[in-house]
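The values are calculated or read from the model by the stated rules, or taken from the named source; none is laboratory data. These numbers were taken from a predicted model, which means no experiment stands behind them. With ligands, DNA and RNA removed, areas are computed over all heavy atoms of the protein, side chains included. Shrake-Rupley method; radii C 1.70, N 1.55, O 1.52, S 1.80 Å.
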Amino acid sequence: MSRYPSTDAPTWVKILIIILLLPVFSTPALLSALPQGHEEWRTIVWCFPFYLLMSGWLAWISYNSRQTVAWILMVLMVLSTAAVWMLVTCV
């Protein structure tokens with residue numbers, strides 16, 4: 001028996017978080033779609049996969065103890081993915 005609470009999320013939450021992490025693989029396409037001369041945007045796009053990975057990991061480990069925090073992190077992952085795609089494509 002461990003003295004720490006279980007950090008194992010239900011299977012459906014794990015699948016949802018993995019689906020929300022799939023945009024990490026689109027980073028090369030995002031970087032190539034950036035217009036020239038916007039280096040500050042390039043920095044944001046470079047930081048985006050690290051943000052997604054950290055948010056996914058935190059949502060994964062916090063789901064059992066703090067479900068509201070995990071849901072907020074997952075919603076922020078969706079909103080930030082949409083924001084980065086809009087940043088790249090709506091120039």
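At-a-glance table
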read-out: Mean Kyte hydropathy of 0.5 or more with a Cα span along the axis of at least 30 Å, helices from DSSP in the chain; value: 39-62, 67-89
read-out: Normalised alpha carbon radius of gyration of the chain [divisor 2.2 N^0.38 Å]; value: 1.27
read-out: Accessible-area composition of the chain, carbon plus sulfur, in percent [1.4 Å probe]; value: 73 percent
read-out: Ellipticity estimate at 222 nm from DSSP helix runs (n ≥ 4, -39,500 (n - 2.57)) divided over the chain, nearest 500; value: -23500 deg cm²/dmol
read-out: For the chain, built as a Gaussian network whose Cα springs stay under 10 Å, the top-fluctuating residue of THR27, THR81, THR11; value: THR11
read-out: Probe 1.4 Å, accessible area per residue of the chain, Å²; value: 67 Å²
